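Report on the structure given below.
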Amino acid sequence: MANLISSGEVGDDCIQLSNGLTSVFIDVLTLSGSKLAQNDDEKRLIVWLAEKDQSAVGIGTVGFDISEMPWNIKRFDECKRFMMKTIEAAENRTGWDKLDYQPSEELLFPNLKKFAEMIGKLTVNDVYPNALEDWRNSAENDDPILNGFPKCPKHEVLMTYLGCLFCAVDETRKKYD
Ligand SMILES: [Zn+2]
């Protein structure tokens, strides 16, 4: 089984990742993006990615289309620049000291490069216009995205409604509560 990352109407661009590689992909972007994100627009993009936690929501169920990410369409160019910087920082192994494994760069890096190409081609017209609003509206009151975007003190990553991507889910929930 695998997860597919697609790019709406933008040609045939897509990335197919094994389940294991998907976890690595999400881990490294969560680490670098959490470090770089300054404003709510940027933090939201990373939390949304970090929610693609297969151990919590199901193996092989976290494929997504980049047009469905919670882009702020009023600040689309800035958001896109931020994502490009996040991918670049992941390629520079930002935050990898928090990982308890060594990612296979041979498998990971070509896919990060492809992801950057897909994001690079995405235009504001490709983006699903209500993605951000729908996602926000579906959040429960205690969701981190509505509560100041807390970070896990141990892993220094933005938390999601599932907790920290790197802590055991139950343990983190206890901490967060
Ligand atoms: Zn943690």
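Readers should treat all values here as calculations from the given coordinates under stated rules, not as data from a laboratory. If you're wondering where the values come from, they're calculated on a predicted model, not measured in any experiment. Cβ atoms come from the backbone with ideal geometry, glycine included; neighbour counts cover every protein chain shown.
A compact table of results
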item: Pairs from Lys35/Lys121; Lys43/Lys114; Lys85/Lys113 whose Cα-Cα separation, in the structure shown, is over 20 Å; result: Lys35/Lys121; Lys43/Lys114
item: The range 2-139 shape via C-alpha gyration tensor axes, a/c threshold 1.5; result: rounded
item: Lone cysteines, the chain (no partner Cβ under 4.7 Å); result: Cys14, Cys79
item: For Ser23, Ser6, Ser18, Ser104, order by how many other beta-carbon atoms lie within 10 Å, fewest first; result: Ser104, Ser18, Ser6, Ser23
item: Of the DSSP H helices in the chain, those whose Cα atoms cover at least 18 Å axially and whose Kyte score averages 0.0 or more; result: 19-36
item: MRE, 222 nm, helices only [DSSP H, n ≥ 4, -39500 (n - 2.57), over the chain, to nearest 500]; result: -14000 deg cm²/dmol
